[in-house]
Amino acid sequence: MRPEVIDRPRALPVDLTAALSASGVVGTWSWSAQPDRCILDAGAADVLAGDHAIAGLPVPFERAKARVHPDDLPKLSRHFKRLRRSGGLFVAEYRTVSATGRVRRILDRGRLVRSEAGTVLHGHGIIIDVTEGDLDLGAFSERPDPSTILDTAAAHALACRESIDHLDNSELRLLVDVLLLSLGQQIAALSRGQARGSARGLGRGH
């Protein structure tokens, strides 16, 4: 799939959009190796790049992550570059800073897909706002967390979504979007639960 011919993000049904917002799912992204460009939907473009105008357009990684906190960006960039060579599950937690100074904590999950020849060609992912969880993000995890089942399910769902995009079947696309929504809710809830557990542990230690 060539980035330059990808349509701008399609509008979601009102109820699904509201549910996505309530669950903390901010938006989605895709990446193509030829050329090396990222494509953000409207929500991800606002949070990660700070620019609605680039939604649906192929842009360099640096442009797509323009609003990532400067302390987190180098590690995020190195992590993504490694996966561009090896492929596999992409999991990162980092901060973003808006033009007004608002800091948000982001959980970024996706997968970079390899061809049968072993070449990494493209990838897809979702962006979840976990600010309310108040996670300790001094450094994002560079390996999958213990929620292996959810990670695997999300990866398969993202791969399914990619395949369905080639069919241009809106009904199937919506069903997979609902699945991704549910997985995003479970992932966000797990992250918040882990954060609360850590906070309780710290409280008992004092």
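The values are calculated or read from the model by the stated rules, or taken from the named source; none is laboratory data. On a predicted model such as this, the values are computed, not experimentally measured, just so you know. When we count neighbours, we look across all protein chains shown, and the Cβ atoms used for this are built from the backbone with ideal geometry, even at glycine. Calculation scope for accessible area: heavy atoms of the full protein, side chains included, ligands and nucleic acids excluded. Shrake-Rupley method; radii C 1.70, N 1.55, O 1.52, S 1.80 Å.
So here's what we get for this one:
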{"read-out": "Unique match (being more than 23 Å from residue 38 (Cα to Cα), open to solvent by less than 50 Å² (accessible area, probe 1.4 Å), modelled with pLDDT under 75 and of a type outside the set (D, E, K, R)) among 205, 197", "value": "197"}
{"read-out": "Any hit, segment 160-168, residues being outside any strand (DSSP E or B), surrounded by 14 or more Cβ atoms within 10 Å (Cβ to Cβ) and modelled with pLDDT under 75", "value": "no"}
{"read-out": "Residue in segment 121-134 that is most open to solvent (accessible area, probe 1.4 Å), counting only those that are in contact with a strand residue (DSSP E or B) (Cβ under 6 Å, 6 or more places away or on another chain) and outside any strand (DSSP E or B)", "value": "131"}
{"read-out": "Residue selected from segment 46-72 under the condition of a type in the set (Gly, Ala, Ser) and under 16 Å from the mean Cα position of the chain (by Cα), by the criterion farthest from residue 33 (Cα to Cα)", "value": "50"}
{"read-out": "Given (1) open to solvent by less than 50 Å² (accessible area, probe 1.4 Å); (2) in a helix (DSSP H, G or I); (3) at pLDDT 80 or above; (4) among the aliphatic types (A, V, I, L, M), number of the condition residue 150 does not satisfy", "value": "(3)"}
